[in-house]
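The values are calculated or read from the model by the stated rules, or taken from the named source; none is laboratory data. Computed from a predicted structure; not experimentally measured. FYI the Cβ positions are ideal-geometry reconstructions off the backbone, even for glycines, and counts take in every protein chain you see. Just the protein is used for accessible areas: all its heavy atoms, side chains included, with ligands, DNA and RNA removed. Shrake-Rupley method; radii C 1.70, N 1.55, O 1.52, S 1.80 Å.
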Amino acid sequence: MASKLTILRQIISELRHALPKDKIKDDLTVQYILNQYRKYLVTGEQLCKAREEMQFIANTYLCYLRSTRLSKEIQQEFHGKGERTVEDTAKLVGFKLPHDPK
């Protein structure tokens with residue numbers, strides 16, 4: 001399992017892909033996540049929460065961000081562009097049509 005700091009870095013990285021701003025530190029989402037990380041830095045002993053609950057929530061959010069980004073990339077790549085030729089469709093799925101000399 002990845003460390004808490006690694007997960008935080010990965011979340012920030014995914015937010016850089018998702019957010020249009022240049023200064024990501026000014027974004028409210030990033031500020032909220034950083035505040036939550038600071039607040040629950042020693043979750044297990046000080047609060048009566050499950051020891052790994054915050055890490056589980058962070059992993060879940062990271063998975064959501066990645067899945068959203070990958071879904072958008074797939075949508076853009078395979079989005080319908082009108083009618084395609086048989087050759088274009090074959091290339092799209094990784095096939096080559098046999099050459100038909102006439």
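A few points about this structure:
- Equivalent ellipsoid semi-axes, the chain, via Cα gyration tensor eigenvalues times 5, rooted, Å: 44, 16, 9
- Count of lysine pairs in the chain with Cα separation under 20 Å (8 or more residues apart, or interchain): 8
- Each of H17 and Y37 was given a label point 7 Å from its Cα along the Cα-to-Cβ line. The distance between the two points is 1.8 nm.
- Helix 28-39 and the long axis of the chain differ in direction by around 40°, with both axes built from C-alpha atoms.
- Measuring nothing but how far apart in sequence close Cα pairs (under 8 Å, 6+ apart) lie, relative to its length, the chain scores a relative contact order of 28 percent.
- Calculated mean residue ellipticity at 222 nm for the chain: -20000 deg cm²/dmol, from DSSP H runs with n ≥ 4 weighted as -39500 (n - 2.57), summed, divided by the residue count and rounded to 500.
- GNM top mover of K91, K25, K39 - the chain, alpha-carbon springs below 10 Å: K91
- Debye, to nearest 20: dipole size of the chain, +1 on Lys, Arg Cβ, -1 on Asp, Glu Cβ: 260
- Whole-number accessible area per residue in Å² for the chain, which is evaluated in the context of all protein chains at 1.4 Å: 85
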